[in-house]
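The next block holds one structure in the form of structure tokens; read it before the comments.
What follows is calculated from the coordinates using simple rules that are stated; it is not laboratory data. Predicted model, so just to flag it, every value in this text is computed and none were measured. Backbone-built Cβ (ideal geometry, glycine too); neighbour counts: all protein chains shown.
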Amino acid sequence: MKKLEVLVAILMLVMLVGIFVGVGQAEEKIKVAFIYVGPHNDGGWSQSHDEGRIYLEEKLPYVETAYSEVVPEGAPCEKVLRDYCNQGYKVIFTTSFGFMDPTLNVAKDYPDVIFLHCSGYKTNENMGSYFGRMYQPDYLAGLVAGMMTKSNYIGFVAPFPIPEVVREIDAFAIGMREVNPDAEVHVIWLNSWVDPVQEANASQTFLANGADIIASGMDTPASLIEAEKVGKYGIGYDKDMAPAVPKACLTSRIWHWGLYYVQVLEAVHNGTWKAGEYWGGMETGLVELAPYGPMVPQGVRDYTDKRKQEIIEGKFECFTGPLYDQDGKLAVKEGEEIPDADKLSLQWFVEGVIGTIPK
């Protein structure tokens, strides 16, 4: 009997030691950093990424995050990147187009760190790129605007004349003209991602010229606020901007970055992550059209929702011909679709867009 008692005591001791060892070897968290070009609470682009960061922490307990905000594009970004690497961060997301080259430079010097750059096209063995097919919600927003405008003059406040923005304006115009061939979308370039003063000024210019809807491609709701002041409508970007402009916001084209961030960190955690280029559509949940404002009629909602479902099911692609350029010349033949490679480098405006693309 005594031998049995001794054996039980030994087994219990072994179990206790195992428990203490397990506690002492708790899984080390993966340190993840995010770099924003604007404030984390800008009401648009950077805030949408920051909400994705928070979602990531909530979903994956083995992740620890930090962020830097209002980081200028270029050399200042490179310094922030190197600081994070030297502090032991193992995954870094850079969330603005102008962060691409600094990210690549640092990635080459820190092969044990994983880098993800948003909206760019350069990659490395330890650096991937990611973006979403925002042109799909842009097209749907164009449908809403085309059916809602009374003046047939819509203003689009745009940041930089890079392919992602040209693509969004074109998709918006394609949707607009599908339901209203007389409507036009006018473009003002601000050469900035975040500038509430310029955004407001551009909106005021459009409104003075007869626009009754303002579409924003910027990182704040400033241009929509101007529309609301004079009883006109707006279409938001990045986040649902209805809370900022409840009387004006018809809908918004929005991002759900957290879904992608969780996907990446799960792969990193499992050891399955590989560098590549990610371009998710509405079927992934990464991009979406926000709920309609109460002023949007049911008929507009029904038509737009029908197209939305066709896009999600892969039955409709807005960049399918016939498509004409600004001069009325046939650019894409009927039944042909613009290939992804050409979408990603798009630098021409479709019919219905008033404005030029600076070189």
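Of note:
- Residues Met148, Met218, sorted so that the one with the fewest Cβ neighbours within 10 Å comes first: Met148, Met218
- With neighbour counts taken as other beta-carbon atoms within 10 Å, the residues Cys85, Cys249 rank, fewest first, as Cys85, Cys249.
- In whole percents, the pair-distance distribution calculated for the range 144-274 from its alpha-carbon pairs, binned every 5 Å from zero, is 2, 11, 20, 21, 18, 10, 6, 5, 4, 2, 1, 0.
- Tyr292, Tyr261 arranged by Cβ crowding within 10 Å, fewest neighbours leading: Tyr292, Tyr261
- Scattering profile of the chain at q = 0.08, 0.10, 0.14 Å⁻¹ [log10 I(q)/I(0), Debye over alpha-carbon scatterers]: -0.44, -0.63, -1.13
- The range 311-359, Cα convex hull volume normalised per residue, Å³: 95 Å³
- With a Cα cut-off of under 20 Å and a minimum spacing of 8 residues unless on different chains, the lysine pairs in the range 287-359 number 7.
- Each Lys and Arg adds +1 at its Cβ and each Asp and Glu adds -1 at its Cβ; summed about the Cα centre, the range 64-216 shows a dipole of about 120 debye.
- Distance distribution note for the range 110-161: the fraction of Cα pairs above 12 angstrom is 75%.
- Theoretical ellipticity at 222 nm over the chain - DSSP helices of four or more residues, -39500 (n - 2.57) apiece, nearest 500: -13000 deg cm²/dmol
- Amide H partners (placed H, <5 Å) of Thr65, local residues excluded: Val32
- Taking a straight line from the alpha carbon of Lys29, these lysines sit under 17 Å away, with near neighbours fewer than eight places off in the same chain left out: Lys59, Lys90.
- For Tyr89, no residue 5 or more places off, or on another chain, has a built amide H under 5 Å of its own.
- Unit charges on C-beta of K, R, D, E only; dipole of the range 137-261, Debye: 260 debye
- Given charges at beta-carbon only (K, R positive; D, E negative), |dipole| of the chain in Debye: 660 debye
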